[in-house]
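Asks: Just passing along the structure, written as structure tokens.
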Amino acid sequence: MKRYQYLYGPVPSRRLGKSLGIDLVPHKICTYDCIYCQIGKTTQKTLIRKEYIPVKEVLAEIERFLREETSSIDYLSLGGSGEPTLHSGIGRIIKGIKAITSIPVAVLTNGALFYDQGVREDLSMADVVLPSMDAVSRDVFEKVNRPYPNFSMEGMLEGLVEFRKAFKGQIWLEILFCKGVNDHQDELLRMREAINRIQPDQIHINTIVRPPSEKLAVPLSQKEMEKIRGFFGDRAIVIPEFDRHPFPLAERDIKEEILKILRRRPLSLNDLSKGMDIPAEELESHIQPLVLKGSIRVRSFGDSIFYEAEKEIDIS
Ligand code: SF4
């Protein structure tokens with residue numbers, strides 16, 4: 001029996017310290033199908049909000065985790081295997097968390113549903129919201145995020161502006177750059193205008209660091225990232241990781257745990273070692289038999305080797 005069904009981590013994250021992930025939608029339900037997505041292709045693209053998993057069960061798991069686990073947590077992060085604001089009970093979940101702990105709540109979202117006042121209100125009790133904005137021109141947006149048909153990008157951007165006016169917590173806006181797709185000068189200028197309207201507290205500049213959903217998604221170099229950071233000014237920082245989708249809590253059947261993690265997204269030995277808190281050499285002795293058996297595939301990306309396992313389709 002799984003110890004925790006909806007909790008992942010704690011995962012070390014540069015942005016959120018030690019973060020416990022809370023997965024609010026099954027893999028992989030999202031409003032977008034980003035070319036750079038590291039957890040695979042969207043199997044259910046939708047704008048429909050519903051209680052994908054029971055609010056009561058999520059809160060009970062969080063409460064149990066906080067009671068039973070000794071490790072300290074810096075943030076409870078709502079995100080996971082798809083877009084968390086698609087969960088219609090996200091506001092009740094944040095409120096429920098606030099009733100049981102003072103650990104700050106972060107929401108990792110693509111921001112797509114911010115046109116909906118109900119979604120903005122649902123997030124009002126969070127401490128940090130990390131929305132993404134990878135494009136501001138329709139054609140670039142369609143190319144990089146591949147949204148639900150006829151989705152209004154303009155409505156989403158206006159929603160971000162409105163959210164900023166009302167939200168008292170921190171907004172860390174993330175932009176993920178793919179070479180030749182959303183990094184040209186015209187788009188950067190439009191992004192800067194949009195940022196001036198949204199007024200986030202921080203701008204996180206990111207690129208692809210793990211095998212993406214599509215081969216056409218190519219990362220920027222560190223030099224190119226630094227140049228963009230300079231262009232966006234003081235509030236911008238370069239993020240050396242992609243932590244929008246943390247990976248599952250360690251269960252002590254190591255081989256099963258490795259497979260479970262790699263079904264969600266491809267990872268390097270180093271990533272796995274950090275996330276599972278097991279030395280790389282020890283992990284390798286578990287991985288190699290799984291590679292020989294064909295349960296794990298080896299894939300190279302950039303200068304690194306990544307491992308991945310066949311995905312489980314889980315739409316309940
Ligand atoms: S990166 Fe996030 S927003 Fe984009 S398709 Fe993947 S889950 Fe959805």
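Here, each number is a calculation from the coordinates, and none is a lab measurement. None of these values were measured; they are calculated from a predicted model. With ideal geometry, Cβ positions are generated from the backbone for all residues, glycine too; neighbour counts draw on all protein chains shown.
Asks: Sort out the exposed loop trypsin sites (Lys or Arg not before Pro) in the chain (DSSP loop, at most 13 other Cβ within 10 Å) and tell me the longest stretch that has none. Walk me through the numbers on the way to the answer.
Replies: Numbers: sites that count: LYS2, ARG14, LYS168, LYS215, ARG252.
So the longest stretch without any such site is 15-167.
Asks: Taking the Cα of SER102, stepping 7 Å toward and past its beta carbon, and measuring to each backbone N in the range 7-27: which are under 20 Å?
Replies: Those under the cut-off are 17-20.
Asks: May I pose another question? Take GLU214, project a point 7 Å from its Cα along the Cβ direction, then tell me which residues of the range 179-207 have their backbone nitrogen under 15 Å from it.
Replies: Answer for the range 179-207: 179-183.
Asks: Next question, about the same structure. How big is the antiparallel share of DSSP beta bridges in the chain, given as a percent to the nearest 5? Provide the component values of the computation, followed by the final result.
Replies: Numbers: 12 of 39 bridges.
Antiparallel: roughly 30 percent of the beta bridges in the chain.
Asks: Additional query: Ordered by residue, what ³J(HN,Hα) values in Hz, to whole numbers, does the range 47-54 give under the Karplus form 6.51 cos²θ - 1.76 cosθ + 1.60, where θ = phi - 60° and Gly and Pro are x?
Replies: 10, 7, 8, 7, 7, 4, 9, x
Asks: Give, rounded to the nearest 20 debye, the magnitude of the charge dipole that the range 138-220 has about its Cα centre when Lys and Arg contribute +1 at Cβ and Asp and Glu contribute -1 at Cβ. Before the final figure, lay out each step's value.
Replies: On the way: 12 positive and 12 negative charges, 40 e Å.
I would put it at about 200 debye.
Asks: For the chain, build the charge dipole from Cβ charges (+1 Lys, Arg; -1 Asp, Glu) around the Cα centre, then report which of SER71, TYR52, HIS204 sits farthest towards its positive end.
Replies: Farthest towards the positive end: TYR52.
Asks: What length, rounded to one decimal in nm, is gained on full extension from SER124 through to GLU158, with 0.36 nm per residue of separation minus their alpha-carbon distance?
Replies: 10.6 nm
Asks: How much FRET efficiency would the formula 1/(1 + (r/R0)^6) give for SER221 and ILE278, where r is the Cβ-Cβ distance and R0 is 30 Å, rounded to 0.05?
Replies: 0.40
Asks: Could I ask something else about it? Please work out how much length the chain gains when fully extended from GLU57 to GLU69, using 0.36 nm per residue of separation minus the C-alpha to C-alpha distance, in nm with one decimal. Don't skip to the answer; put the middle values down first.
Replies: Working: separation 12, 0.36 × 12 = 4.32 nm, distance 1.76 nm.
Length gained, GLU57 through GLU69: 2.6 nm.
Asks: Once Lys and Arg get +1 and Asp and Glu get -1 on their Cβ, which of GLY111, GLY275, GLY233 lies farthest toward the positive end of the dipole of the chain?
Replies: GLY111
Asks: I've got another one for you. If you count the DSSP beta bridges with both ends in the range 105-252, what percent of them are antiparallel, to the nearest 5?
Replies: Antiparallel bridges make up about 0 percent of those DSSP assigns within the range 105-252.
Asks: May I ask you to sort SER295, SER300 by Cβ crowding, counting other Cβ atoms within 10 Å and putting the fewest first? Could you put the intermediate results ahead of the total?
Replies: Values: SER295 15, SER300 9.
Fewest-to-most ranking of SER295, SER300: SER300, SER295.
Asks: Find the cysteines in the chain that fail to meet the 4.7 Å Cβ criterion with every other cysteine, and list them.
Replies: CYS30, CYS178
Asks: Where the only charges are on Cβ atoms (+1 Lys, Arg; -1 Asp, Glu), what is the dipole of the range 101-260 about its Cα centre, to the nearest 20 debye?
Replies: Details: 21 positive and 26 negative charges, 59 e Å.
I would put it at about 280 debye.
Asks: Return the lysines within reach of LYS45: Cα separation strictly under 19 angstrom, same-chain partners fewer than 8 residues apart disregarded; answer none if there are no such residues.
Replies: Output for LYS45: LYS28, LYS143, LYS311.
Asks: Another question about this same structure. So if I take the alpha carbon set of the chain, get Rg, then get Rh from the Kirkwood formula, what is the Rg over Rh ratio?
Replies: Numbers: Rg = 18.8 Å, Rh = 19.9 Å.
In the chain, Rg relative to Rh is 0.94.
Asks: Given a Förster distance of 22 angstrom, what is the FRET efficiency for ALA166 paired with ASP234, based on the Cβ-Cβ distance and rounded to 0.05?
Replies: Values: r = 24 Å, r/R0 = 1.10.
The formula returns an efficiency of 0.35 here.
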